Each structure stands twice: as C-alpha cells, then as structure tokens.
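Trainee: Here it is, the structure, as structure tokens.
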Amino acid sequence: MAKLLIVYYSRHGATAKLARRIADGVEQTAGAQLCLRSVPPVQANYRPAKGEPVPESGPPYASKQDLAECDGLIIGCPTRFGSMAAPLKAYLEDSADLWASGALVGKPAAAFTATASLHGGQESTLLGMLLPLLHHGMLITGLPYTEAALSETEAGGTPYGPSRWTGADGQRTMADTERDLARALGRRIARLAVRLAGEQT
Ligand SMILES: Cc1cc2nc3c(=O)[nH]c(=O)nc-3n(C[C@H](O)[C@H](O)[C@H](O)COP(=O)(O)O)c2cc1C
C-alpha cells in the first residue's frame, strides 16, 4: 500500500472540510492508504503550542515520522495575509533533516487552501506552499483542465490546487465544484503515489 499523508492546519474548520473531501479521493484509489493528520496552532514565538498533546476532535497531530514514511503528501491550511499559515510552516520547517537525507525526493505532492474572500489570495498561497515541497525534491501536482469543474467553478478550485471560498463569516457551503476538485486531487496524488511506490520496490 502507498501511504498518502494529508497534513493540514485549520483554525475554524473550513480547511478541515476540504481535507476530508480530498481524503475521499485518496480512499477511492486502490492501493492507497490514507494517513490524515493536522498540526497544532503555534504560539507568538512560532513554537508549536504546548499543552495540547492530542486534538480534542479530528485527526491526530502529524509527527515527523508521518512525513518520513509517506509515499505522497498533500498539505493544507487557511490563507493568512495571502500566504501559508504559520502552524503548517512551523511543521515544515522542522523537516530539515528529511531535506538533508532526501527522504521526500521523487514523491508526489500538492497543496490546498481556504479563504474568506474569493480573491483573497488562494493562488498566491497555493504557489507559496509548493515552494518548500520543491526544495524537498517532491513531484509537484496540480489540477488539469480536463477536470470540468475547473472551468465551471464560480467559487474556489484552481490549477494550483483545490481551494474553497468560505465567506467573511466562514459559513459558505462548499460548492459542488470545490468538492469535486478536492476529490479529483486526492485521487490524482494517490494514483501517482501508488504507481511510484510500486516502481521503487
Ligand atoms: C490572520 C488572518 C489572516 C487572514 N488572511 C486572509 C487573506 O489574506 N485572504 C482571505 O481571503 N482570508 C484571510 N483570512 C481568512 C481565512 O483564510 C478564512 O477564514 C479561512 O476560511 C479559515 O479557514 P479555517 O476554517 O480552516 O481556519 C485570514 C484569517 C486570519 C485569522
């Protein structure tokens, strides 16, 4: 089985819901094993917040080992000032030893995000999130326009990765196009991970 790690940060749950739809796509893929993880919030000094060893709800926090052992990686977080949220960045910045050993080289990877406003930085955030994955030597994957929802969407969903528009109060229902693109990305990365993991063994 190819282990597919989805790791995300979500403060209010919008990104978490998108993660769940991406997970659908992974789970629909034969040979792929889902590992769904979150990361804790950070304190003002950008260290992971203490005193929360286990999340009260949702998936467990990701460990370094989860990252080391994955065959494919999908990272997600809300957009913060047009870029990646600090808790996910803190998790990735703790992976220098994996970068040094090349543990993630050649593995497929992608990113997803959520914003309050439709033009509030989904694309800048997604592109920025891909940079650390490129440094790790991962094979970056987005969404192709053969996914009909990419041309039809009037909400989130980009060629750089799935996204959702939550509205100022965070209450917007996920659009069908946002959901379909999230599932498509999950399937796409999972299929790649299954194929590439098979080649390595
Ligand atoms: C500090 C901060 C910065 C934010 N910056 C942006 C932004 O640049 N663009 C935007 O559309 N939304 C921005 N938001 C709103 C969140 O991206 C949005 O509410 C998102 O859906 C929250 O996801 P979550 O429910 O997974 O926490 C910001 C929120 C916070 C707290």
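Trainee: Restricting the search to the stretch 168-196, which residues are buried (at least 20 other Cβ atoms within 10 Å of the Cβ), charged (D, E, K, R) and away from the ligand (no atom under 16 Å from the Cβ)?
Mentor: Listed by number, the residues that qualify are ASP180, ARG183, ARG188, ARG191.
Trainee: Can you name the residue in the stretch 1-15 that is more than 6 Å from the ligand (Cβ to nearest atom) and either assigned to a strand (DSSP E or B) or modelled with pLDDT of 95 or more (or both) and is also surrounded by the most Cβ atoms within 10 Å (Cβ to Cβ) among such residues?
Mentor: Pass one, the stretch 1-15, residues more than 6 Å from the ligand (Cβ to nearest atom): 1-9.
Restricting the remaining residues to those that are either assigned to a strand (DSSP E or B) or modelled with pLDDT of 95 or more (or both) gives 2-9.
On the way: ALA2: 24, LYS3: 16, LEU4: 32, LEU5: 25, ILE6: 27, VAL7: 25, TYR8: 30, TYR9: 26.
Looking at residues that are more than 6 Å from the ligand (Cβ to nearest atom) and either assigned to a strand (DSSP E or B) or modelled with pLDDT of 95 or more (or both), I get LEU4.
Trainee: Among the helices (runs of 4 or more DSSP H) lying completely within the stretch 68-150, list those that include at least 2 residues that are without any contact (Cβ under 8 Å) to a residue 60 or more places away in the chain and surrounded by 18 or more Cβ atoms within 10 Å (Cβ to Cβ).
Mentor: Working: elements: 86-93, 96-101, 122-135.
It comes to 86-93, 122-135.
Trainee: Please specify each residue of the stretch 25-62 satisfying the condition of being out of contact with any strand residue (DSSP E or B) (no Cβ under 7 Å at 6 or more places or on another chain), surrounded by 12 or more Cβ atoms within 10 Å (Cβ to Cβ) and modelled with pLDDT under 95. Steps first, answer last, please.
Mentor: Let us first name the residues in the stretch 25-62 that are out of contact with any strand residue (DSSP E or B) (no Cβ under 7 Å at 6 or more places or on another chain), namely 25, 28-30, 41, 43-47, 50-54, 56-57.
Retained after the next criterion (residues that are surrounded by 12 or more Cβ atoms within 10 Å (Cβ to Cβ)): 25, 28-29, 41, 43.
Answer for the stretch 25-62, where residues must be out of contact with any strand residue (DSSP E or B) (no Cβ under 7 Å at 6 or more places or on another chain), surrounded by 12 or more Cβ atoms within 10 Å (Cβ to Cβ) and modelled with pLDDT under 95: PRO41, GLN43.
Trainee: Looking only at the stretch 157-167, how many residues end up being within 12 Å of the ligand (Cβ to nearest atom) and either without any contact (Cβ under 8 Å) to a residue 60 or more places away in the chain or part of a strand (DSSP E or B) (or both)?
Mentor: Here is the first cut: in the stretch 157-167, the residues within 12 Å of the ligand (Cβ to nearest atom) are 163-167.
Next, from what is left, pick out any that are either without any contact (Cβ under 8 Å) to a residue 60 or more places away in the chain or part of a strand (DSSP E or B) (or both): 163-165, 167.
Count: 4.
Trainee: Moving to a separate point now. Given the conditions (1) over 24 Å from ARG188 (Cα atoms); (2) of a type in the set (D, E, K, R); (3) within 12 Å of the ligand (Cβ to nearest atom), report the number of the one that GLU123 does not fulfil.
Mentor: The failed condition is (1).
The values are calculated or read from the model by the stated rules, or taken from the named source; none is laboratory data. What you are looking at is a predicted structure, and each value in this text was computed from that prediction instead of being measured. Cβ sites come from the backbone with ideal geometry, for glycine too, and all protein chains shown count toward neighbours.
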